[in-house]
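Right, one structure below, let's go through it.
The numbers here are math on the coordinates, done by the rules we state, and not lab data. Predicted model, so just to flag it, every value in this text is computed and none were measured. Positions of Cβ are generated from backbone atoms using ideal geometry, with glycine treated the same way; all protein chains shown enter the neighbour counts.
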Amino acid sequence: MKKKPRTESKIRICGLYVCLLLSLSQCSQNQSSRSPAQEYQSINKSYYSRLNQVRSNREHERLNQTRETKLRSLLKRLNEFTPSDQNELIRGKIWFDLGQPDQSLVIYDALIQKKSLLSPEATLEKVRAQLEKKNVSEALSVFQSIESKYIPNKDYYQIIYQLSLHSKKREDRWLYSNKFLKAARKEISLGSQAGRIYTNLAEIEKERSGPGKAIAFLEKVLKQPLNHVAERTIRCYLEVLKRINIPVSEMKFTTWLNSESLSKQKMQGKVTLFYFWSPGCFPCRQLFPKLQKLFQQHQHREFLLIGITRLTGRYSDDIHHKISVSRPDEIELIKKLLNRHKATFPIALVEDSKTLNDFGVLGFPTVFLIDKEGQIMDFMLGIDKFEAMARKIKILMPGTKFNEPPPVRKPGPY
C-alpha cells in the first residue's frame, strides 16, 4: 500500500510555489513601473552596446529589426500612460528613430509653442530632425538660437558634427569643425570622428588654396596624438589627395561588365569618372541610383563613367554572404547585384590591389574626376559630396546638354 505524502512536504511545495508566484509578480511590477523614458533609454542602451559587436550586414539587420519592434511596442503602450510633456518628447524621439522625422517635428513644435519646460530639449531634437531631412540651413538657424544656452551632451556634439560637414557656407563648416575638434580633445568618445573633421578642414583648405596647402595641413595633424580610427581616415584622405593633378597611368582591365573593353586611349578627350566600390559597402550601393542617373543623363560622347571593383575570392552584399567563392560565381553575384540596383554603367573587375594602390584607394567608395587631358582633377571619399562632384563634371564639359528627365505632368481636367 502506497504511503500518503507527509503534511510537511505538502507545506514545503506550497511555500515554494507561492515564492515563485511572488517573484514573477515582482518582476512584472518592476517592468510596468518603469517610465517610458526609462524604457526608451534601456532599448537604446541595449541596441548601441550590441551594435559594437555586429560583424555582418545580416546581424545588423536583425539588430535593427529587434530595436524597431521594441520601439513600436513602446509607442503603442504610450497611449496607456497619463499624458505628459515628457511622454510626448519620448513619442517624438521614437518617431525619429523609426525614420519619421516629420512626425517628430509636429510633436517638437507643439512642445516649443506651449513653452513647455522641455522646450529646450525639444528644440535640440528639432534640429536633429531638420538635419535628417537635409534642411541644413533651417537646422543651423534653430541651433544658433539655443547654442549658447545648452549644456553640451552627446546629441549636441553630433549636431555640431553634422553642421561642420553639411553647412552650405564655408565659414560655418570651418567654425563648427573647429568647435567639434575642441570638444573631441576632452571627450574620448568623439575621437574616432575627429578624422573626418580634419579631412573636412583639409577639403576647405583645398578649395581655398589648392591641394598643396591641404597636404601640409594633414601632415602636420598626423604628428599629434590621434585615435587609430581617426589616423586611418586622415591617411586615406592624404593618399588620395596626393594624386590630384597627376596624369592617370595606363590601366589594363581584363574583365568588363555592361561594356566592351575600355582603355586610356578611349578616355582621351573625355571627362571620366572612376568609381571604386565594393559589393559589401552599404554607401557604395546607396550611390548606385545617382550614378545611374548621371550615366543616363548624358547624350554625347564626351563623358565616361567606369565602376571599378576587385575580385577577392569571398563575397558579401545586401543579400549574399560567402566566406569563399569561385571566380565565376563571384562575377555572377556581382552581375545579380548590378541587376537588382538597375546599374547599367560600365564595370571593370580587377584581380589584385595594384590599381587600387596606384590611386591610393584605402576605403570605399572613392570617386575620381579626370579631365579631358587625362589628369585627376578632384576626388570624393564617401557619398556626401556627390552633387558637388556632378556639378564639376558639367563645368568640365561647357556647352554640353544633359538629357534631363521630363517634368511630371500634374493630372487635370480633360
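The table for this structure:
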item	result
Alpha-carbon centroids, segment 142-184 and segment 293-322: separation in whole Å	35 Å
Cα-based Kirkwood hydrodynamic radius, the chain, one decimal, Å	25.5 Å
Residue 271 long-range amide H proximity, modeled H, under 5 Å	303, 304
Mean ellipticity per residue at 222 nm, deg cm²/dmol - from DSSP H runs of n ≥ 4 across the chain, formula -39500 (n - 2.57)	-18500 deg cm²/dmol
Under 5 Å, built H, 5+ apart or other chain: amide partners of residue 350	309, 310, 311
Virtual spin-label span in nm between residue 222 and residue 169, 7 Å along Cα→Cβ	3.4 nm
Selected from 125, 239, 147 as most flexible by GNM, with the chain as the system and alpha-carbon contacts under 10 Å	147
Max mean-square fluctuation residue, GNM over the chain, Cα-Cα springs under 10 Å, options 152, 398, 283	398
Length-normalised contact order for the chain - Cα pairs under 8 Å, 6+ apart - percent	11 percent
The chain: angle of helix 154-166 to the longest principal axis, Cα-based, in degrees nearest 10	20 degrees
Long-range HN-HN contacts of residue 251 with modeled amide H, under 5 Å	264
Choice from 79, 178, 44 with maximal GNM fluctuation in the chain (Cα, 10 Å cutoff)	79
Using θ = phi - 60° and Karplus 6.51 cos²θ - 1.76 cosθ + 1.60, couplings along segment 335-343 (whole Hz; Gly, Pro as x)	4, 5, 4, 4, 5, 4, 9, 6, 9
